[in-house]
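Here's the structure we're looking at; comments come further down.
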Amino acid sequence: MGIYLDNAATSFPKPQEVAKAVYEYMLYNGATAGRGAYGRAMEADRLVYETRKLLADFFHFNDSKKVIFTSNVTESINLVMNGILKQGDHVITSSLEHNAVWRCLKTLERDRGIRITAIPATKEGFTNPEDVEKAIQQNTRLIVFTHASNVLGTIQPVREIGAIARKLGIPFLVDAAQTAGVYPIDIEKDNIDLLAFTGHKGLMGPMGTGGLIINWNGVINPLKHGGTGGDSAYEFQPEYYPNKFETGTLNVSGIIGLREALRFIQKEGIETILDKEKRLLTYALERLCEVKNIIIYGPKDAEKAVGVLSFNLKGISGEDVAYRLDQDYNIMVRVGLHCAPTAHRIIGTEKEGTLRIGIGYFNEKSDIDKLVEALKEIIGDK
Ligand SMILES: Cc1ncc(COP(=O)(O)O)c(C=O)c1O
């Protein structure tokens, strides 16, 4: 199977229970949710409802009908931005955003004339919340921040930024792609109005699952219009949640897999997961320093980052290193810009990008040992 160190892209392996639940639903149920009155459809409905409830509990939210299923965090972010922002609105964001946020903002800048302020971050990826406050204007209509950078791993001060946003009544959207499932999130305590997450990374669910939690009373227009399984004679999208935003047949098999993934995380305990990832990150930081000519980016402190670590080896292209790791050692890492070009500008790697390891719950210290030994051989230090 090799050594999988690309968990920041998607987690692997998934818990056995996840695959089993998807398989069994496909074999023995297969009915759509929210559309049928027969037993199997009602069972599908119940499982979807339970997943909604599990997600609400998981993020300490008390209104499960405002947990909206989407196909991934990218869709959730598009939903919010397209649904809120109008001509001339101003948006504040970080300098570390994934293209899920950045391209969506740039498109709205081009097509709706919105204006964007990206708050500068330090070389380690730290943002000062005071800079966010200073950037607020009369027409600031949204603040959007990634919770943790997918290039540097740096955790952003969302609670502090959220408090500023709350004080001024500006909705605060958090992209939790790199934190949901590996880092505790409390939507109330963390002052989050709109929490966008994806199901297939730290939450250990299937691809094609994700969601948005709406903890805000302002108007959001739906991204899609169509069938919701009810009110069929009404010619427009219903206004009530979750149907306002959930159009078309849901990914029931994926959602059922996500349900098992959430139960798995609850069984293990998020603190246990966080603790293991921190230990592995600390170990990786220690051991990677042994590699000659290595440049490690980011905070180099497991208390301040999730299990994402970027590096380069001086004198060899990242692509060559990644290719050799795969071909000669069966070690899987990511290389390039990781869909976050602005983050690379901060560390001066906007041309070549970085090599990135994404540590997951099923990695062990021995995986890091093998990576370090392989890198030493590649650099000719063995
Ligand atoms: C910070 C961040 N935001 C958004 C995304 C997009 O995730 P998805 O492809 O599941 O929508 C990713 C994944 O690469 C990410 O790391």
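The values are calculated or read from the model by the stated rules, or taken from the named source; none is laboratory data. Values in this document were obtained by computation on a predicted structure and should not be read as measured data. Here Cβ is always computed from backbone atoms with ideal geometry, including for glycine, and neighbour counts include all displayed protein chains. The accessibility values were calculated without ligands, DNA or RNA, using every heavy atom of the protein model including side chains. Shrake-Rupley method; radii C 1.70, N 1.55, O 1.52, S 1.80 Å.
Could you check, for region 195-202, whether at least one of its residues is assigned by TED's automatic domain parsing to the domain that holds residue 30 and either away from the ligand (no atom under 16 Å from the Cβ) or farther than 22 Å from residue 61 by Cα (or both)? Scanning region 195-202, I find no residue that is assigned by TED's automatic domain parsing to the domain that holds residue 30 and either away from the ligand (no atom under 16 Å from the Cβ) or farther than 22 Å from residue 61 by Cα (or both), so the answer is no.
Search region 130-146 for residues being under 21 Å from the mean Cα position of the chain (by Cα) and without any contact (Cβ under 8 Å) to a residue 60 or more places away in the chain, and hand back the single one that is farthest from residue 93 (Cα to Cα). Among those that are under 21 Å from the mean Cα position of the chain (by Cα) and without any contact (Cβ under 8 Å) to a residue 60 or more places away in the chain, it is 146. Checked against the criterion of being assigned by TED's automatic domain parsing to the domain that holds residue 342 and buried (at least 16 other Cβ atoms within 10 Å of the Cβ), the candidates 99, 7 yield just one match: 7.
Residue by residue, here is whether (1) open to solvent by 30 Å² or more (accessible area, probe 1.4 Å); (2) in contact (Cβ under 8 Å) with a residue 40 or more places away in the chain holds:
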position	(1), (2)
168	yes, no
182	no, yes
186	no, yes
199	no, yes
203	no, yes
207	yes, yes
224	yes, no
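With respect to (1) buried (at least 22 other Cβ atoms within 10 Å of the Cβ); (2) assigned to a loop (DSSP other than H, G, I, E, B); (3) over 23 Å from the mean Cα position of the chain (by Cα), the lone exception for residue 368 is condition (2). Which residues, taken from region 13-55, are in contact with a Gly (Cβ under 7 Å, 6 or more places away or on another chain) and within 18 Å of residue 209 (Cα to Cα)? Matches in region 13-55: 18, 21, 22, 34, 45, 55.
Listed here are the residues, each with its yes/no results for (1) closer than 20 Å to residue 203 by Cβ; (2) in contact with a His (Cβ under 8 Å, 6 or more places away or on another chain); (3) open to solvent by less than 40 Å² (accessible area, probe 1.4 Å).
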site	(1), (2), (3)
52	yes, no, yes
80	yes, no, yes
90	no, no, yes
107	no, no, no
111	no, no, no
120	no, no, no
124	no, no, no
134	no, no, no
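Just need a number here: residues in region 71-116 that are part of a helix (DSSP H, G or I) and away from the ligand (no atom under 16 Å from the Cβ). Of the residues in region 71-116, 7 are part of a helix (DSSP H, G or I) and away from the ligand (no atom under 16 Å from the Cβ). The residue pairs whose first member lies in region 30-42 and is open to solvent by 90 Å² or more (accessible area, probe 1.4 Å), whose second member is part of a loop (DSSP other than H, G, I, E, B) and of a type in the set (A, V, I, L, M, F, W, C), and whose beta carbons are closer than 8 Å, counting only pairs six or more residues apart or on different chains, are 38/31; 40/31.
This table checks each residue for (1) more than 30 Å from residue 334 (Cα to Cα); (2) within 16 Å of the ligand (Cβ to nearest atom); (3) out of contact with any helix residue (DSSP H, G or I) (no Cβ under 7 Å at 6 or more places or on another chain).
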site	(1), (2), (3)
155	no, yes, yes
158	no, yes, yes
165	yes, no, yes
169	yes, no, yes
173	no, yes, no
179	no, yes, yes
190	yes, no, no
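Does region 50-67 contain at least one residue that is at pLDDT below 95 and away from the ligand (no atom under 16 Å from the Cβ)? No, that holds for no residue.
Residue-wise test of (1) out of contact with any Cys (no Cβ under 7 Å at 6 or more places or on another chain); (2) within 16 Å of residue 355 (Cα to Cα); (3) surrounded by fewer than 21 Cβ atoms within 10 Å (Cβ to Cβ).
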| site | (1), (2), (3) |
| --- | --- |
| 260 | yes, no, no |
| 275 | yes, no, yes |
| 300 | yes, yes, yes |
| 308 | yes, yes, no |
| 316 | yes, yes, yes |
| 320 | yes, yes, yes |
| 327 | yes, yes, yes |
